[in-house]
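Quick notes on the structure that follows.
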Amino acid sequence: MNKSAFITGITGQDGAYLAQLLLSKGYKVSGLLARRSSDTLWRLRHLGIGNDVQLVDGDITDLSSLIRIIEQSKADEIYNLAAQSFVGTSWSQPLLTGNVTGLGAVNVLEAMRIVNPTARFYQASTSEMFGLIQEAVQSEQTPFYPRSPYGAAKLYAHWMTVNYRESFGLHTSSGILFNHESPLRGIEFVTRKVTDAAARIKLGLQTELRLGNIDVKRDWGFAGDYVEAMWLMLQQERGDDFVIATGKTTTVREMCRIAFDHLGLDADKHVVIDSALFRPAEVDVLLGNPGKAQQKLGWQARTSLQTLITTMVDADMGRLSK
Ligand code: NAP
Ligand code: GDD
């Protein structure tokens, strides 16, 4: 019999790629659809899977809807990707972020424990939990030091995932994923903001790009590679925690240069530093060690930053030229 999977956050960047991956493996895929006034199904349509997944109304902050949905879905695997995932917004909406990103994960864990305890659970943890880094290269052993309400909420969800594994013997895994991007990335995140702006400037639709701190460094990979790691974690005999990263780190400034160069533009002529876009506390540098994932899951990142960013620029040129 085919396996079934339930994904919260299925309308987001990772949810769409994960749904596509699981469908390609023969899974029956359902996902949580939080009611919104605007169109949130564009990513699923973009990947051509809009009609292949079953969407169920509910909200991650509503335990009763999750109990009903998880009971009905009888999923073998539950992937919790739903979150208020934009770090910048987490300072202006700390309580919402705590409720959705932190407690929301526990709602899913609790619903699973009550009505489907044999399912396997994946939690979308994050390198933001390392925040003010305590080691130059971050691994599963590196102590956490979150620097934003988002990071703190994710850390709570992370420890509750570990706690449900240790307390109730549930098969729960936490993927500590470093930044991963794609043409389906939300426009508020810096890579997509840059690739969209470079394309607009090339097409004469705007002249400048306003950014905050461009000296920060991130370990950026491709979302399509990273959802494979999520699936691999749930195929292991036991739940565990894994860092998923490329092992390379690059400044926002250099990432901009790659995007602008690709279109024959000079980033220095268009980027304007805007102090209003600086964050109250910054995560200056992230650099992950994916050694455990490579050894135990046989996973490694396949897409270079150059390929990732130029693909995103091309996708934005295509969208805007239409
Ligand atoms: P994303 O594009 O922002 O997607 C977030 C998803 O959560 C969307 O489907 C959104 O639904 C849903 N959501 C938000 N509030 C909800 C609520 N109250 N009830 C139900 N669903 C809700 O994020 P992503 O980049 O795909 O990331 C997926 C997960 O991985 C997130 O938990 C993120 O924090 C985590 N993560 C991401 C990265 C990264 O670099 N991308 C790295 C580490 C961890 P709508 O579409 O309706 O808004
Ligand atoms: N968004 C944004 N916009 N970021 C900017 C800008 C700007 O104009 N200018 C500079 N930056 C800097 C931010 O201050 C941050 O240091 C870095 O660029 C990356 O910002 P984002 O792309 O917004 O991502 P993030 O690192 O804060 O968070 C993402 O990655 C996390 C994993 O480390 C999100 O996907 C999180 O959900 C995820 O957990």
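Could you say which residue among 174, 167 is more than 11 Å from the chain's Cα centre (by Cα) and assigned to a strand (DSSP E or B)?
When all the criteria are applied, what remains is 174.
Is it true that residue 101 is within 16 Å of ligand 2 (Cβ to nearest atom), within 15 Å of the chain's Cα centre (by Cα) and assigned to a helix (DSSP H, G or I)?
yes
Have a look at 66, 23, 55, 32 and point out the one that is open to solvent by less than 30 Å² (accessible area, probe 1.4 Å) and either more than 9 Å from ligand 1 (Cβ to nearest atom) or not assigned by TED's automatic domain parsing to the domain that holds residue 147 (or both).
Checking each option against the conditions leaves just 66.
Can you name the residue in the stretch 38-52 that is assigned to a loop (DSSP other than H, G, I, E, B) and more than 10 Å from ligand 1 (Cβ to nearest atom) and, of all such residues, is least open to solvent (accessible area, probe 1.4 Å)?
49
Residues 156, 164: which one is crowded, with 20+ Cβ neighbours inside 10 Å, of a type in the set (Phe, Trp, Tyr) and in the same structural domain as residue 121 (by TED's automatic domain parsing)?
The unique qualifying residue is 164.
Out of (1) assigned by TED's automatic domain parsing to the domain that holds residue 92; (2) among the hydroxyl-bearing types (Ser, Thr, Tyr); (3) more than 19 Å from the chain's Cα centre (by Cα), the odd one out for residue 207 is which?
(1)
Could you please give the count of residues in the stretch 178-214 that are more than 26 Å from residue 17 (Cβ to Cβ), more than 9 Å from ligand 2 (Cβ to nearest atom) and not β-branched (Val, Ile, Thr)?
Within the stretch 178-214, residues that are more than 26 Å from residue 17 (Cβ to Cβ), more than 9 Å from ligand 2 (Cβ to nearest atom) and not β-branched (Val, Ile, Thr) number 6.
The values are calculated or read from the model by the stated rules, or taken from the named source; none is laboratory data. The structure displayed is predicted, hence computed values, not measured ones. So basically every Cβ, Gly included, is an ideal-geometry build from the backbone, and we count neighbours across all protein chains shown. In case anyone asks, the SASA skips ligands and DNA or RNA and just uses the protein heavy atoms, side chains included. Shrake-Rupley method; radii C 1.70, N 1.55, O 1.52, S 1.80 Å.
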